Amino acid sequence: MRVCDIIEKKAARGELNEEEIQFFLGALCAGSIPDYQTSALLMAIFLNGMTERELARWTLGMARSGDLVDLSAIGGVKVDKHSTGGIGDKTTVILGPIVAACGGKLAKMSGRGLGFSGGTIDKLESLPGFNTALSQDEFIRLVNTVGMAVTGQTASVALADKKLYALRDVTATVNSIPLIASSIMSKKLASGADKIVLDVKVGSGAFMKTMDDARKLAAAMVSIGEENGRETAAILTNMDRPLGRRVGNLLEMQEAYETLQGRGPADLTELCLWLSARMLSMAGLGDFEACRKKAEASIENGAAAAKFREFVTAQGGDLTVLDHPEAHYPRPLERVVTAAADGYFRIVSAEAIGRASVSLGAGRVTKEDAIDFTAGIVLEAASGDRVVKGQPLFRLCAAAEARLEAAAQDLAAAYRITEDAPEAEPLILDVVDRRTLAL
Ligand code: URA
């Protein structure tokens with residue numbers, strides 16, 4: 001078999017068979033395919049797509065290209081959760097403690113942020129001492145004792161994805177439904193959970209800009225999970241505006257803890273309750289409504305916030321930074337952006353807010369960039385609020401004036417002040433699962 005023939009077949013819209021996929025991914029991981037051939041195949045997939053059967057095979061091949069995590073030493077049904085990435089998305093650090101406080105288990109491998117979309121590992125590392133590189137034994141011990149643990153994705157999980165993603169990033173082939181679906185689901189399959197809940201973001205701050213594309217991506221991922229014996233459900237949620245009111249690593253950890261104490265923004269609280277209830281019900285701990293009530297009660301009675309403290313402490317993190325960041329980090333410079341006129345405040349581009357957060361130092365442009373944990377944006381008004389001239393809209397935090405200036409410029413594209421009240425935009429847009437797909 002020759003790699004060139006595989007590329008030619010895909011370029012002619014052919015369906016790759018099991019043997020061809022195994023040959024290609026095996027050679028890719030062995031380092032015997034030059035980048036130009038891999039890039040050519042990626043572009044052929046980008047342009048011509050994959051059949052459902054081909055995508056399932058390709059994804060399983062990617063999952064098997066590295067270590068398969070064995071979670072069998074953890075009792076009960078393990079449900080994993082994954083978000084396709086957005087701005088201000090700190091749901092993992094909220095729903096994990098809720099699920100664990102309600103008797104579920106969360107064994108989560110997470111990633112770092114790149115570009116305007118944040119990553120859970122960076123947010124957790126804003127807590128000094130927090131260990132995001134747990135050994136496999138420690139990871140399992142913590143899930144069994146605390147009920148949850150979050151660790152960084154090891155380089156050996158879904159090895160093929162590492163190689164493919166690095167090339168996709170530089171060959172304009174990231175934004176392809178089969179390539180995104182296989183990248184995400186190969187890591188989910190390899191991470192060992194029994195069931196998977198996906199949060200597919202839709203809108204200006206997401207990979208998927210339209211509902212149609214988001215539904216296609218969700219359906220592709222649910223089908224891959226189900227074909228591989230893992231019950232999978234996807235929720236489609238609005239990413240035309242950031243989730244919650246804070247963007248930036250430590251700022252988001254503070255907002256997460258406040259949400260667990262019942263003081264969080266309505267959109268973030270609602271999404272975390274929905275996801276937790278779905279995870280708990282898929283774990284067999286009751287029907288969705290009963291699990292939702294349990295999740296709400298865990299916030300009201302303080303159990304979820306207590307679980308958060310237990311989880312952070314167990315992984316070595318220092319909780320005092322949440323109330324006293326200045327004891328751990330230099331105090332950031334601040335700038336407040338105010339309304340230029342009376343009217344309705346409306347966020348029109350979550351992406352512009354994400355870009356502003358990168359300008360402030362809260363995100364990376366390249367993988368090697370350092371992150372400033374205290375940098376970020378506080379939304380002082382919610383999208384849809386009536387505001388008056390001079391009212392604060394955003395508070396920006398950064399280590400240098402030049403960063404504040406750059407971010408203030410980015411933000412100009414993020415919002416409008418309108419005379420008419422904007423229509424309310426729902427947060428939860430759709431659900432795709434084995435029932436809706438009639439699988
Ligand atoms: N997240 C991933 O892990 N892979 C993609 O391709 C896109 C988002």
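The values are calculated or read from the model by the stated rules, or taken from the named source; none is laboratory data. Owing to the predicted nature of the structure, the values given are computational and were not obtained by experimental measurement. Every residue, glycine among them, receives a Cβ derived from its backbone with ideal geometry; neighbour counts consider all protein chains shown. Note: accessible area is taken over every heavy atom of the protein model, side chains too, but ligands, DNA and RNA are not part of it. Shrake-Rupley method; radii C 1.70, N 1.55, O 1.52, S 1.80 Å.
Filter the stretch 110-135 down to residues that are within 16 Å of the ligand (Cβ to nearest atom) and open to solvent by 20 Å² or more (accessible area, probe 1.4 Å) and give me whichever is farthest from Gly286 (Cα to Cα).
Here the residue is Gly115.
Would you call Leu437 part of a strand (DSSP E or B), within 25 Å of the chain's Cα centre (by Cα) and at negative phi?
no
Would you be able to say whether some residue in the stretch 200-210 is touching a Pro at 6+ places or on another chain (Cβ under 9 Å) and modelled with pLDDT of 95 or more?
The answer is no; no qualifying residue exists.
Output the residues belonging to the stretch 179-215 that are over 30 Å from Leu280 (Cβ atoms), assigned to a helix (DSSP H, G or I) and more than 10 Å from the ligand (Cβ to nearest atom).
Residue satisfying the conditions is Asp212 alone.
Name the pairs: first residue in the stretch 105-116 and of a type in the set (D, E, K, R), second residue assigned to a loop (DSSP other than H, G, I, E, B), Cβ to Cβ under 7 Å, at least 6 apart or on different chains?
Cβ pairs passing all conditions: Lys105/Ile74; Lys105/Gly76; Lys105/Lys78; Lys105/Gly147; Arg112/Gly119.
Does the stretch 371-381 hold any residues that are open to solvent by 30 Å² or more (accessible area, probe 1.4 Å) and over 16 Å from Ile121 (Cα atoms), and which are they?
Across the stretch 371-381, the qualifying residue is only Glu380.
I'm told Arg168 meets every condition in (1) of a type outside the set (A, V, I, L, M, F, W, C); (2) within 13 Å of the ligand (Cβ to nearest atom); (3) open to solvent by 40 Å² or more (accessible area, probe 1.4 Å) except one. Can you identify the failing condition by its number?
Only one criterion in (1) of a type outside the set (A, V, I, L, M, F, W, C); (2) within 13 Å of the ligand (Cβ to nearest atom); (3) open to solvent by 40 Å² or more (accessible area, probe 1.4 Å) is unmet by Arg168, namely (3).
Each row is one residue, and each column tells you yes or no for (1) open to solvent by 50 Å² or more (accessible area, probe 1.4 Å); (2) within 23 Å of the chain's Cα centre (by Cα).
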| position | (1), (2) |
| --- | --- |
| Ala12 | yes, no |
| Glu20 | no, no |
| Gln37 | no, no |
| Asn48 | no, no |
| Leu55 | no, yes |
| Gly66 | no, yes |
| Gly88 | no, yes |
| Ala101 | no, yes |
| Lys108 | no, yes |
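Do the conditions hold for Ala362, that is, is it in a loop (DSSP other than H, G, I, E, B), free of Cβ contacts under 8 Å to residues at least 24 places away in the same chain and either farther than 25 Å from Lys201 by Cα or hydrophobic (A, V, I, L, M, F, W, C) (or both)?
Answer is no for this residue.
Being touching a Pro at 6+ places or on another chain (Cβ under 6 Å) and in contact (Cβ under 8 Å) with a residue 40 or more places away in the chain narrows it down to one residue among Arg278, Arg245; which is it?
Arg245
Go through the stretch 342-359 and give me each residue that's open to solvent by 50 Å² or more (accessible area, probe 1.4 Å) and assigned to a strand (DSSP E or B).
Answer for the stretch 342-359, where residues must be open to solvent by 50 Å² or more (accessible area, probe 1.4 Å) and assigned to a strand (DSSP E or B): Tyr344, Arg346.
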